[in-house]
Amino acid sequence: MAMTIVWVLMTGISILWGTATGRAAAVSASAMEGAQAAFSLVLAIGGPLCLWSGVMEVMRRSGLAGLLADRLRPLLGKLFPSARRDSALMEALSCNLSANLLGLGNAATPAGIRAAERLHTHNGNAPAENELCRLVVMNTASVQLLPTTVAAVRAANGAVNSFDILPAVWLSSLFSVAVGLCCAAVIGRSRP
C-alpha cells in the first residue's frame, strides 16, 4: 500500500510540475516512451522466464525435485529443523532454493509460499518465528548460481555476453545471504 502511495505521488507531482513549467508534452512523451520500453522488456524476458519456470515444473513432476530435496536435506535440516520431520516442507524448501539458485524469483515464489505456510502451521500459527524469518531472508537475498532473469534482461538490452556478470553475482549473493542469515540469527537470539 505504501509503495502505491509513493508511485501515485511521484506521478502526480511529475504531471503537475510538467504542466506548471510548460513541459506537459515532454512529460507525456516520456511516459509513453517508458511504457513502450517496459512492454518491450516484458516481451523480451517472457520467453526465458517461461522456459525456466517450465524446467522447474518438469523437475517437480519428474521427481528430480524430491531427489534434490534428499541432497539438500543436511543443509536445509540445519537451517529449518521443522523440515526434518516433514517431507512436503523439505520438497517445497528445496524447490524454492533450486529456483532461486537458477535466478528464477517468479518460479521460486509458489514453492516459497508453500514452505512458509507449512512453517507457519508447524509453529501453531504463531507470529513469524526464526525459521520463517530465515526463509524470508534466503528468498530476499538468494544465492544465484545462474541468474537467468538478469541475463535475459541484459540480453534484451543488447548485452553481448549476458552471463559475464557471474563472478560478481556469485560473490554478492553469497555475501548477502551470509550477512542476512547472521543478522537473523542475532535478532532471533535477542528476542524473548
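Given a Förster radius of 41 Å and the C-beta distance between residue 174 and residue 42 as r, what FRET efficiency does 1/(1 + (r/R0)^6) yield to the nearest 0.05?
Result of the calculation: an efficiency of 0.90.
Entry note, the chain: relative contact order of 18 percent, from Cα contacts under 8 Å with a spacing of 6+ residues.
Counting only heavy atoms of the protein chains, get the accessible area per residue of the chain (1.4 Å probe) and round it to a whole Å² value.
So the chain comes to 62 Å² accessible per residue, rounded to a whole number.
With all projection directions averaged, the alpha carbon convex hull of the stretch 26-133 covers 9.0 nm². With helices as the sole contributors, the chain gives -27000 deg cm²/dmol at 222 nm; each DSSP H run of n ≥ 4 counts as -39500 (n - 2.57), and the sum is divided by every residue.
When the solvent-accessible area of the stretch 34-145 is split by element, carbon and sulfur atoms take up 64 percent of it, the probe being 1.4 Å.
Applying the criteria of a DSSP loop state and at most 15 other Cβ atoms within 10 Å to the chymotrypsin sites (Phe, Trp or Tyr not before Pro) of the stretch 145-183 yields 163.
In a simple Cβ point-charge model (Lys, Arg +1; Asp, Glu -1; nothing else charged), the stretch 17-103 has a dipole of about 340 debye relative to its Cα centre.
What base-10 log of the normalised intensity I(q)/I(0) is obtained for the chain from the Debye formula, alpha carbons as equal point scatterers, at q = 0.09 Å⁻¹? The Cα Debye sum returns log10 ratios of -0.47. Multiplying the residue separation of residue 183 and residue 140 by 0.36 nm and subtracting their alpha-carbon distance yields 14.1 nm.
State to the nearest 20 debye the size of the charge dipole of the chain about its Cα centre, where the only charges are +1 on K and R beta carbons and -1 on D and E beta carbons. Intermediate results must be reported in sequence, preceding the final value.
Numbers: 14 positive and 9 negative charges, 90 e Å.
For this selection, approximately 440 debye.
Fully extending the segment from residue 20 to residue 160, taken as 0.36 nm per residue of separation minus the present Cα-Cα distance, adds 46.1 nm.
The values are calculated or read from the model by the stated rules, or taken from the named source; none is laboratory data. Here the structure is a predicted model, which is why all the values come from computation and not from measurement. Note that we place each Cβ from the backbone using ideal geometry, even for glycine, and neighbour counts take in every protein chain shown. Surface accessibility is based on the protein's heavy atoms, side chains included, excluding ligands, DNA and RNA. Shrake-Rupley method; radii C 1.70, N 1.55, O 1.52, S 1.80 Å.
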